[in-house]
Amino acid sequence: MRDHEQEFRSKGARLAAVGLGDPNYARLFREKTGITFPLLIDENRQAYKTIGLRSASLLHLLRRDNMRARKRAKAAGHKQHRLGKDPFQLGGSFVFAPGDVDRFVHLSKTFGDNASPTDLLTAI
């Protein structure tokens, strides 16, 4: 998302990320990734539970789609950061519009199953 932030801004959108870590983990993550948009902390997983985000298991590490995602990430120069509070918590991507409108919802099915920036930009 960091690499596409300006494209989102040019469409009038604002980015935010939500993480499970504590303030120190969030600070380290910001430093390592270079994100400039807000990084919110959900230490008790309240937002994750409310939205219905899933959790993975050890078996997810063996899934082919997960292996492909790891290869893509490694080829792009991404590295695994320090494991957070719940390394099995899966994420999601959302586009919310004024008036409590959900324009786009993607719940990750395994590690590396992220919505593409193109799909998110199209939803704006």
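The values are calculated or read from the model by the stated rules, or taken from the named source; none is laboratory data. Because the structure is predicted, anything quoted here is derived from the model rather than measured. Every residue, glycine as well, gets a Cβ built from its backbone with ideal geometry; the counts of neighbours run over all protein chains shown.
Give me the pairs: first residue in the range 92-118 and among the acidic types (Asp, Glu), second residue surrounded by fewer than 16 Cβ atoms within 10 Å (Cβ to Cβ), beta-carbon distance under 9 Å, and six or more apart or on different chains, which are they?
ASP102/PHE96; ASP113/ASP65; ASP113/LEU107
Please name all residue pairs, on different chains or six or more residues apart, with Cβ atoms under 6 Å, provided the first residue is in the range 70-89 and is assigned to a loop (DSSP other than H, G, I, E, B) and the second residue is at pLDDT 80 or above and among the small types (Gly, Ala, Ser).
GLY84/GLY21; LYS85/GLY21; PHE88/SER55; PHE88/ALA56
Residues that are modelled with pLDDT of 90 or more, touching a Leu at 6+ places or on another chain (Cβ under 7 Å) and farther than 19 Å from SER108 by Cα: does the range 33-54 have at least one?
The answer is yes; a qualifying residue exists.
Can you tell me which residue among LEU53, LEU28, LEU61 is more than 25 Å from LEU121 (Cα to Cα), touching a helix residue (DSSP H, G or I) at 6+ places or on another chain (Cβ under 9 Å) and touching a residue at least 40 places away in the same chain (Cβ under 8 Å)?
The match here is LEU61.
Would you be able to tell me the number of residues in the range 52-64 that are surrounded by 14 or more Cβ atoms within 10 Å (Cβ to Cβ) and of a type in the set (A, V, I, L, M, F, W, C)? Lay out the reasoning, then the answer.
Taking the range 52-64 as the starting set, the residues that turn out to be surrounded by 14 or more Cβ atoms within 10 Å (Cβ to Cβ) are 53-54, 56, 60, 63.
From what's left, of a type in the set (A, V, I, L, M, F, W, C): 53, 56.
Qualifying residue count for the region: 2.
Filter the range 29-45 down to residues that are outside any loop (DSSP other than H, G, I, E, B) and surrounded by 10 or more Cβ atoms within 10 Å (Cβ to Cβ) and give me whichever is farthest from the chain's Cα centre (by Cα). Spell out how you get there, then give the answer.
At the first step, the residues of the range 29-45 found to be outside any loop (DSSP other than H, G, I, E, B) are 29-33, 39-41.
Retained after the next criterion (residues that are surrounded by 10 or more Cβ atoms within 10 Å (Cβ to Cβ)): 29-30, 32-33, 39-41.
Working: PHE29: 13, ARG30: 13, LYS32: 15, THR33: 12, LEU39: 11, LEU40: 12, ILE41: 13 Å.
Taking the candidates together, the pick is LYS32.
Any residue at all in the range 40-49 that is of a type outside the set (Ser, Thr, Tyr), touching a strand residue (DSSP E or B) at 6+ places or on another chain (Cβ under 8 Å) and in contact (Cβ under 8 Å) with a residue 40 or more places away in the chain?
yes
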